[in-house]
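Below is one structure, written out as structure tokens, with a few remarks after it.
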Amino acid sequence: MSLTGTAFLSTLIVLSIVAVALPLLLWSRMRGPRVVRVAARMLMLLFAQGTAVALVFTLVNNANNLYDNWADLLGTGSHVQQAADLGSDGTGGIALERLPKVGQRFTHADGRGMHAAGGVRVTQLKGRVSGIDAEVYVWLPPQYDEPAYRHHRFPVVEVLPGYPGSAKAWFGSLRAHEQLLPLMRSGQIAPFILVAPRTTLLAGVDTGCANVPGTVNADTWLSVDVPKMVMDNFRAEPAPSGWAVAGYSAGAHCAVKLAVAHPDRYRAAVSLSGYNDPIGERDSLTAQNPALRAANNPYLMLRGATTPPPVALYLSGQPHDGYEAAVALEQTAQAPTRVHVVYVPRSAGGHTMALWRPQVVPAFRWLTQQLGRHHVTVRGATPLVPSTGDSTRAALASGTSSRAGAERRQ
């Protein structure tokens, strides 16, 4: 029975009802020795508590797309077939342009939000370079199948979840495709292809989207194998001019790190409540030793770069939850690296999907400016610097929230 399926949720609801009904019906009708009656009543209470906890966990999991399946939840699954040392560029010396095209078989994805806005498709990808075998979800913009666009290539955004987190989260909990569809149709946002690869690749650990020889090649999976698959199967713009990466929480850290590390593969990155130091996620593989920790800290990567990478970064955060990390990147960045910081007030909520959901549209307006200006005429685009306007939820949703405005209200 699927962890996220309707059947499992329905079973828990029925069991919870039964667990409540049993004590009401049987509590005073118990017969037998006192010890037996006490034990039976304790079992009924434990059954009621257990089903309640399981039901609440399942509802929270379904709402936030934390775990896809039982293997993710129990920490028993691994998607790594091999993890060779692929060198500093993560290609292992393979000439990627010479790799033959491979056509993938896609099916309609199931789950919350997967059938909305034209539907999301999924494929099982065997990474030819990374040695990772995992699922990748793809959503195509409304223009993709229109006759007028049959020879058109589209910009791409890889979207990454936090940890723990499902690759479905951007479509399920954040409803990114549902929010963006009408704006793409009206020409306010560029028609991006959204690509959501699995990022939980090892049992019970966050890979930090890094290559660790002998353990995992998560960086290569995300920045080489997944883009290669997209280019082979869809009319996508070439990298880096047509590619960006976006994420929230641990996925935000990954997005910035990937863009800074690979300006030849990405032109822009979006970070929602991200961090720089990998220790920001206690289960991160890259936080386990000083060398890995430093090598995967985008602040240190920018500060030590001989040539600043030509990438644009959109960084949003709250005090003590991404804002300070964003400011640090802004202060250390040098041209041609560009950094746009959005201050999110505490009043907007905590580190949850409810905080990130209204940030999807302003982030993609900004991405339209960076990657898609030649595709659309942008109306009402996010300013390149924070405004001094009000910091209400409406301001957050429009991308105009600023620290000055927020502090006047707090």
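Cβ-Cβ contacts under 7 Å between residues 6 or more apart (or on different chains), taken from a first residue in region 10-29 that is open to solvent by 80 Å² or more (accessible area, probe 1.4 Å) to a second residue that is in a helix (DSSP H, G or I) and modelled with pLDDT of 85 or more, are listed as 20/48; 27/41.
When region 233-287 is filtered for residues that are at pLDDT below 95, within 18 Å of the chain's Cα centre (by Cα) and of a type in the set (A, V, I, L, M, F, W, C), only 285 remains. Restricting attention to region 49-77, the residues being surrounded by fewer than 17 Cβ atoms within 10 Å (Cβ to Cβ) and in a loop (DSSP other than H, G, I, E, B) number 3.
Restricting region 272-296 to residues that are within 20 Å of residue 220 (Cα to Cα) and touching a strand residue (DSSP E or B) at 6+ places or on another chain (Cβ under 6 Å) leaves a set whose member that is most open to solvent (accessible area, probe 1.4 Å) is 285.
Evaluate region 102-116: report whether one residue or more is basic (Lys, Arg), assigned to a loop (DSSP other than H, G, I, E, B) and exposed (fewer than 15 other Cβ atoms within 10 Å of the Cβ). Checked against the condition, which is being basic (Lys, Arg), assigned to a loop (DSSP other than H, G, I, E, B) and exposed (fewer than 15 other Cβ atoms within 10 Å of the Cβ), region 102-116 yields at least one hit. With respect to the numbered conditions (1) closer than 30 Å to residue 90 by Cβ; (2) open to solvent by less than 10 Å² (accessible area, probe 1.4 Å); (3) of a type outside the set (Ser, Thr, Tyr), which one is the sole condition not fulfilled by residue 164? In the conditions (1) closer than 30 Å to residue 90 by Cβ; (2) open to solvent by less than 10 Å² (accessible area, probe 1.4 Å); (3) of a type outside the set (Ser, Thr, Tyr), residue 164 misses (2) alone. Filter region 30-48 for residues that are in contact (Cβ under 8 Å) with a residue 12 or more places away in the chain and of a type outside the set (A, V, I, L, M); which is most open to solvent (accessible area, probe 1.4 Å)? Per the stated criteria, the residue is 47. Being under 30 Å from residue 234 (Cβ atoms) and among the small types (Gly, Ala, Ser) is a property that does not hold for residue 28.
The values are calculated or read from the model by the stated rules, or taken from the named source; none is laboratory data. Just so it is clear, the model here is predicted, and its values are computed rather than measured. Positions of Cβ are generated from backbone atoms using ideal geometry, with glycine treated the same way; all protein chains shown enter the neighbour counts. The protein model used for the area step is the full one, side chains on, heavy atoms only, and it has no ligands, DNA or RNA in it. Shrake-Rupley method; radii C 1.70, N 1.55, O 1.52, S 1.80 Å.
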